[in-house]
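Participant: Take this structure, written in C-alpha coordinates, and hold onto it; I'll ask about it next.
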Amino acid sequence: EAEVAQSPRYKITEKSQAVAFWCDPISGHATLYWYRQILGQGPELLVQFQDESVVDDSQLPKDRFSAERLKGVDSTLKIQPAELGDSAMYLCASSTGRGLEQYFGPGTRLTVT
Amino acid sequence: DQQVKQNSPSLSVQEGRISILNCDYTNSMFDYFLWYKKYPAEGPTFLISISSIKDKNEDGRFTVFLNKSAKHLSLHIVPSQPGDSAVYFCAAIPGAQKLVFGQGTRLTINP
(Lines give C-alpha, C1' and ligand atoms only; values in the text may rest on other atoms or scores of the structure.)
Protein backbone atom coordinates (compact mmCIF):
# COMPACT_ATOMS: atom_id res chain seq x y z
CA GLU A 1 0.00 0.00 0.00
CA ALA A 2 1.36 3.42 -1.00
CA GLU A 3 2.38 5.68 1.86
CA VAL A 4 3.58 9.21 2.44
CA ALA A 5 7.25 9.16 3.43
CA GLN A 6 8.86 11.70 5.74
CA SER A 7 12.37 12.12 7.05
CA PRO A 8 13.87 12.46 9.50
CA ARG A 9 11.45 10.95 12.01
CA TYR A 10 13.07 12.81 14.89
CA LYS A 11 15.21 15.93 14.97
CA ILE A 12 16.83 17.73 17.88
CA THR A 13 18.37 21.09 17.15
CA GLU A 14 19.56 24.12 19.06
CA LYS A 15 17.73 27.40 18.73
CA SER A 16 19.01 29.68 15.97
CA GLN A 17 20.07 26.68 13.88
CA ALA A 18 18.56 25.75 10.54
CA VAL A 19 16.52 22.58 10.12
CA ALA A 20 14.88 20.93 7.11
CA PHE A 21 12.24 18.25 6.70
CA TRP A 22 11.52 16.17 3.62
CA CYS A 23 8.29 14.66 2.36
CA ASP A 24 7.59 12.27 -0.52
CA PRO A 25 3.85 12.06 -1.21
CA ILE A 26 1.94 9.13 -2.63
CA SER A 27 2.71 8.80 -6.32
CA GLY A 28 0.23 10.69 -8.46
CA HIS A 29 -1.06 12.89 -5.67
CA ALA A 30 -1.09 16.46 -6.94
CA THR A 31 -1.88 18.13 -3.64
CA LEU A 32 0.63 18.21 -0.80
CA TYR A 33 0.16 19.70 2.66
CA TRP A 34 2.47 20.55 5.54
CA TYR A 35 0.90 20.66 9.00
CA ARG A 36 2.28 21.52 12.43
CA GLN A 37 0.86 19.76 15.47
CA ILE A 38 1.69 21.15 18.89
CA LEU A 39 1.21 18.72 21.77
CA GLY A 40 -2.40 18.68 22.94
CA GLN A 41 -3.69 20.40 19.82
CA GLY A 42 -4.88 19.33 16.41
CA PRO A 43 -2.77 19.67 13.26
CA GLU A 44 -2.68 23.19 11.80
CA LEU A 45 -2.10 23.75 8.09
CA LEU A 46 1.14 25.59 7.31
CA VAL A 47 1.22 25.37 3.52
CA GLN A 48 -0.66 23.65 0.69
CA PHE A 49 0.76 22.89 -2.77
CA GLN A 50 -1.10 22.06 -5.93
CA ASP A 51 1.61 20.46 -8.08
CA GLU A 52 4.53 22.89 -7.68
CA SER A 53 2.43 25.95 -6.87
CA VAL A 54 1.59 27.26 -3.40
CA VAL A 55 -2.19 27.38 -2.94
CA ASP A 56 -2.32 28.47 0.69
CA ASP A 57 0.51 29.62 2.95
CA SER A 58 -1.49 32.04 5.06
CA GLN A 59 -0.43 30.34 8.32
CA LEU A 60 3.23 29.92 7.39
CA PRO A 61 5.56 32.19 9.44
CA LYS A 62 7.37 33.45 6.38
CA ASP A 63 10.11 35.27 8.27
CA ARG A 64 11.64 31.94 9.27
CA PHE A 65 9.76 29.16 7.43
CA SER A 66 10.01 28.29 3.77
CA ALA A 67 8.60 25.44 1.71
CA GLU A 68 9.18 24.28 -1.81
CA ARG A 69 8.01 21.57 -4.17
CA LEU A 70 10.20 22.26 -7.16
CA LYS A 71 9.17 19.43 -9.51
CA GLY A 72 5.70 18.97 -8.12
CA VAL A 73 6.63 15.70 -6.43
CA ASP A 74 8.57 15.72 -3.15
CA SER A 75 8.76 18.72 -0.87
CA THR A 76 11.04 20.34 1.69
CA LEU A 77 10.05 22.48 4.67
CA LYS A 78 12.80 24.60 6.19
CA ILE A 79 13.05 26.60 9.40
CA GLN A 80 15.81 29.15 9.81
CA PRO A 81 16.48 30.12 12.53
CA ALA A 82 14.67 27.63 14.75
CA GLU A 83 13.07 28.94 17.93
CA LEU A 84 12.02 27.11 21.09
CA GLY A 85 8.36 27.53 20.17
CA ASP A 86 8.89 25.57 16.95
CA SER A 87 9.09 22.31 18.91
CA ALA A 88 6.23 20.25 17.49
CA MET A 89 5.30 17.39 15.18
CA TYR A 90 5.51 18.35 11.51
CA LEU A 91 3.15 16.30 9.38
CA CYS A 92 3.04 15.98 5.63
CA ALA A 93 -0.09 14.83 3.83
CA SER A 94 -1.09 14.31 0.23
CA SER A 95 -4.28 13.88 -1.72
CA THR A 96 -5.46 13.50 -5.29
CA GLY A 97 -7.12 16.89 -4.96
CA ARG A 98 -10.39 15.43 -6.20
CA GLY A 99 -11.55 13.85 -2.96
CA LEU A 100 -11.73 14.65 0.69
CA GLU A 101 -9.29 12.17 2.08
CA GLN A 102 -5.79 13.28 2.94
CA TYR A 103 -3.14 10.67 3.58
CA PHE A 104 -0.67 11.56 6.31
CA GLY A 105 2.94 10.56 6.74
CA PRO A 106 4.38 9.50 10.11
CA GLY A 107 5.62 13.01 10.87
CA THR A 108 8.88 14.55 12.06
CA ARG A 109 9.14 15.26 15.76
CA LEU A 110 11.20 18.44 16.19
CA THR A 111 12.70 19.43 19.51
CA VAL A 112 14.43 22.79 19.77
CA THR A 113 16.73 23.23 22.76
CA ASP B 1 -10.54 31.39 17.18
CA GLN B 2 -11.12 27.67 17.58
CA GLN B 3 -13.65 26.80 14.87
CA VAL B 4 -13.71 23.09 15.69
CA LYS B 5 -13.77 22.09 19.33
CA GLN B 6 -13.41 18.77 21.08
CA ASN B 7 -14.11 19.62 24.68
CA SER B 8 -13.21 16.24 26.16
CA PRO B 9 -9.43 15.72 26.13
CA SER B 10 -9.84 12.10 27.19
CA LEU B 11 -12.40 9.32 27.40
CA SER B 12 -12.20 5.89 28.98
CA VAL B 13 -14.58 3.10 27.91
CA GLN B 14 -14.86 -0.56 28.75
CA GLU B 15 -14.23 -3.06 25.97
CA GLY B 16 -17.43 -4.07 24.23
CA ARG B 17 -19.33 -0.93 25.23
CA ILE B 18 -20.14 2.09 23.08
CA SER B 19 -17.63 4.93 22.72
CA ILE B 20 -19.07 8.35 21.92
CA LEU B 21 -16.73 11.15 20.90
CA ASN B 22 -18.13 14.65 20.51
CA CYS B 23 -17.22 17.65 18.41
CA ASP B 24 -18.68 21.16 18.14
CA TYR B 25 -18.10 23.70 15.42
CA THR B 26 -18.83 27.37 14.90
CA ASN B 27 -18.54 27.89 11.13
CA SER B 28 -21.83 27.18 9.33
CA MET B 29 -19.93 27.16 6.00
CA PHE B 30 -18.32 23.79 6.66
CA ASP B 31 -19.27 21.35 3.85
CA TYR B 32 -17.83 18.11 5.14
CA PHE B 33 -16.76 16.70 8.45
CA LEU B 34 -14.18 13.99 8.96
CA TRP B 35 -12.83 11.91 11.78
CA TYR B 36 -9.18 10.89 11.93
CA LYS B 37 -7.54 8.40 14.24
CA LYS B 38 -3.95 8.77 15.42
CA TYR B 39 -1.69 6.24 17.10
CA PRO B 40 1.51 7.41 18.84
CA ALA B 41 4.44 8.01 16.48
CA GLU B 42 2.15 7.72 13.43
CA GLY B 43 0.34 10.23 11.29
CA PRO B 44 -3.45 10.56 11.46
CA THR B 45 -5.44 8.07 9.40
CA PHE B 46 -8.83 8.79 7.89
CA LEU B 47 -11.71 7.02 9.57
CA ILE B 48 -15.07 8.28 8.34
CA SER B 49 -16.66 11.40 6.90
CA ILE B 50 -20.09 12.98 6.53
CA SER B 51 -21.46 15.58 4.18
CA SER B 52 -23.32 18.56 5.60
CA ILE B 53 -26.42 17.45 3.69
CA LYS B 54 -26.64 14.22 5.67
CA ASP B 55 -27.26 13.53 9.32
CA LYS B 56 -25.77 10.06 9.60
CA ASN B 57 -23.09 7.96 7.98
CA GLU B 58 -22.21 4.42 8.99
CA ASP B 59 -19.18 2.26 8.24
CA GLY B 60 -18.97 -1.00 10.12
CA ARG B 61 -18.52 -0.30 13.82
CA PHE B 62 -18.24 3.44 13.22
CA THR B 63 -21.16 5.85 12.85
CA VAL B 64 -20.98 9.61 12.61
CA PHE B 65 -24.00 11.76 13.45
CA LEU B 66 -24.38 15.38 12.41
CA ASN B 67 -26.76 17.85 14.06
CA LYS B 68 -26.49 21.01 11.99
CA SER B 69 -28.88 23.06 14.08
CA ALA B 70 -26.73 22.43 17.14
CA LYS B 71 -23.47 22.57 15.13
CA HIS B 72 -22.52 19.29 16.72
CA LEU B 73 -21.26 15.96 15.48
CA SER B 74 -20.41 12.76 17.22
CA LEU B 75 -18.59 9.54 16.45
CA HIS B 76 -20.00 6.31 17.84
CA ILE B 77 -17.88 3.17 18.03
CA VAL B 78 -19.79 -0.03 18.77
CA PRO B 79 -18.54 -2.34 20.11
CA SER B 80 -15.32 -0.74 21.34
CA GLN B 81 -12.17 -2.82 20.97
CA PRO B 82 -8.69 -2.44 22.54
CA GLY B 83 -7.27 -1.48 19.13
CA ASP B 84 -9.53 1.55 19.13
CA SER B 85 -7.38 3.17 21.82
CA ALA B 86 -5.94 6.22 20.07
CA VAL B 87 -6.37 9.97 19.73
CA TYR B 88 -9.38 10.92 17.62
CA PHE B 89 -9.49 14.20 15.74
CA CYS B 90 -12.60 15.81 14.36
CA ALA B 91 -11.97 17.93 11.26
CA ALA B 92 -14.06 20.11 8.97
CA ILE B 93 -13.70 21.50 5.46
CA PRO B 94 -15.08 24.93 4.51
CA GLY B 95 -15.32 24.08 0.84
CA ALA B 96 -11.68 24.57 -0.13
CA GLN B 97 -10.08 21.34 1.10
CA LYS B 98 -8.36 23.15 3.96
CA LEU B 99 -8.93 20.85 6.90
CA VAL B 100 -9.61 22.52 10.24
CA PHE B 101 -8.90 20.16 13.12
CA GLY B 102 -10.18 19.98 16.66
CA GLN B 103 -7.82 19.47 19.58
CA GLY B 104 -8.33 15.73 19.74
CA THR B 105 -9.77 13.28 22.29
CA ARG B 106 -7.67 10.46 23.69
CA LEU B 107 -9.80 7.30 23.82
CA THR B 108 -8.72 4.46 26.08
CA ILE B 109 -10.49 1.12 25.86
CA ASN B 110 -10.17 -0.88 29.05
CA PRO B 111 -10.31 -4.71 28.99
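The values are calculated or read from the model by the stated rules, or taken from the named source; none is laboratory data. Small disclaimer: the values here were computed from a predicted structure and weren't measured. Glycine gets a Cβ as well: all are built from the backbone with ideal geometry, and neighbour counts include every protein chain shown. Just so you know, the surface numbers come from the protein's heavy atoms only, side chains and all, with ligands and any DNA or RNA stripped out. Shrake-Rupley method; radii C 1.70, N 1.55, O 1.52, S 1.80 Å.
Participant: Just the Cα atoms of region B:1-92, one point each, no solvent: what log10 I(q)/I(0) does Debye give at q = 0.22 Å⁻¹?
Facilitator: Relative scattering, expressed as log10 I(q)/I(0), comes to -1.16.
Participant: On to the next question. By DSSP, what percent of the beta bridges with both residues in chain A are antiparallel, rounded to the nearest 5?
Facilitator: 90 percent
Participant: Accessible area per residue, 1.4 Å probe, Å², for region A:5-98: what's the number?
Facilitator: 50 Å²
Participant: Sum up the charges of everything whose Cβ sits under 14 Å from the Cβ of B:Asp55, counting Lys and Arg as +1 and Asp and Glu as -1, but leave B:Asp55 out.
Facilitator: Net of charged neighbours comes to +3.
Participant: Looking only at A:Phe49, A:Phe65, A:Phe21, which one moves most when chain A is put into a Gaussian network model with springs between Cα atoms under 10 Å?
Facilitator: The residue with the greatest mean-square fluctuation here is A:Phe65.
Participant: I would also like to ask the following. When the accessible area of the protein assembly as shown is computed with all protein chains present and a 1.4 Å probe, what percentage of it is carbon and sulfur?
Facilitator: 48 percent
Participant: Which of the residues in region B:68-111 lose at least 50 Å² of accessible area when you go from the chain alone to all protein chains together (probe 1.4 Å)?
Facilitator: Hits at the 50 Å² cut-off: B:Gln97, B:Lys98, B:Leu99, B:Phe101.
Participant: Over the protein assembly as shown, what per residue volume does the convex hull of the Cα atoms give, in whole Å³? Let's see the in-between values first.
Facilitator: Values: hull volume 28.1 nm³, N = 224.
Normalising the Cα hull of the protein assembly as shown by residue number yields 126 Å³.
Participant: Could you tally the net charge around A:Glu14, taking each other residue with its Cβ under 14 Å from the Cβ of A:Glu14, Lys/Arg +1 and Asp/Glu -1?
Facilitator: 0
Participant: Sticking with this one: Round to the nearest 10 and report in Å² the accessible area of B:His72, as given by a 1.4 Å probe over the protein chains' heavy atoms.
Facilitator: Around 50 Å² of this residue is reachable by solvent.
Participant: Straight-line reach from B:Lys54: which aspartates and glutamates fall under 14 Å, measuring Cα to Cα and dropping same-chain residues less than 8 apart?
Facilitator: Straight-line reach from B:Lys54, under 14 Å: B:Asp31.
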